[in-house]
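Below: one structure, written as structure tokens.
All of the numbers you see were taken from the coordinates with simple rules; none came from a lab. Remember, predicted model here, so these are calculated numbers, not experimental data. We place every Cβ from the backbone using ideal geometry, glycine too, and count neighbours over all the protein chains shown.
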Amino acid sequence: MEYGARLVSLAALLGTAVSLYNYFDPLSGIAGTPGAILVIASTLILFVFGLIMAARPYSLGLRVFLAASSLLAIVGTAFAAHLLNSRALLGLMAVCLLGWLMHLFAPRRALA
């Protein structure tokens, strides 16, 4: 099983929920801002990347692209969460980073 990629997907999905809450809650201070919309999009993209990584694509190029893009999405979203003062989202991106590291360093079977 690919626990790291599943952890990335789960944390990104929860990050999307937190971002949606921040976008619609008038007391959040970031309701309706373009930055909140960007964070919603980036967490959704990260969720999709996690699902694809969990499916274990055989193409080396696709695996490298997904790993690099996921790391950039995690770091960028964490930075945006910091700027938007969303501690919950920042914590979820830390969980995403942990899942990404688990995925990256997980033992793999050799392809025949």
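Summary of computed values
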| item | result |
| --- | --- |
| Descending Cα extents along the principal axes, the chain, whole Å | 55, 20, 18 |
| Residue 108-residue 38 FRET efficiency (beta carbon distance; Förster radius 22 Å; 0.05 resolution) | 0.10 |
| Hypothetical label at residue 21: residues of segment 66-89 whose amide nitrogen lies under 11 Å (7 Å Cα-Cβ projection) | 87-89 |
| Cβ-Cβ FRET estimate between residue 98 and residue 31, R0 fixed at 25 Å, reported to 0.05 | 0.25 |
| Taking the chain and dividing mean pair separation by its residue count, relative contact order in percent (alpha carbons under 8 Å, at least six apart) | 41 |
| On Cα atoms only, tilt of 3-24 relative to the major axis of the chain in degrees | 20 |
| Calculated [θ] (222 nm, deg cm²/dmol) that DSSP helices of n ≥ 4 give over the chain, each run adding -39,500 (n - 2.57) | -26500 deg cm²/dmol |
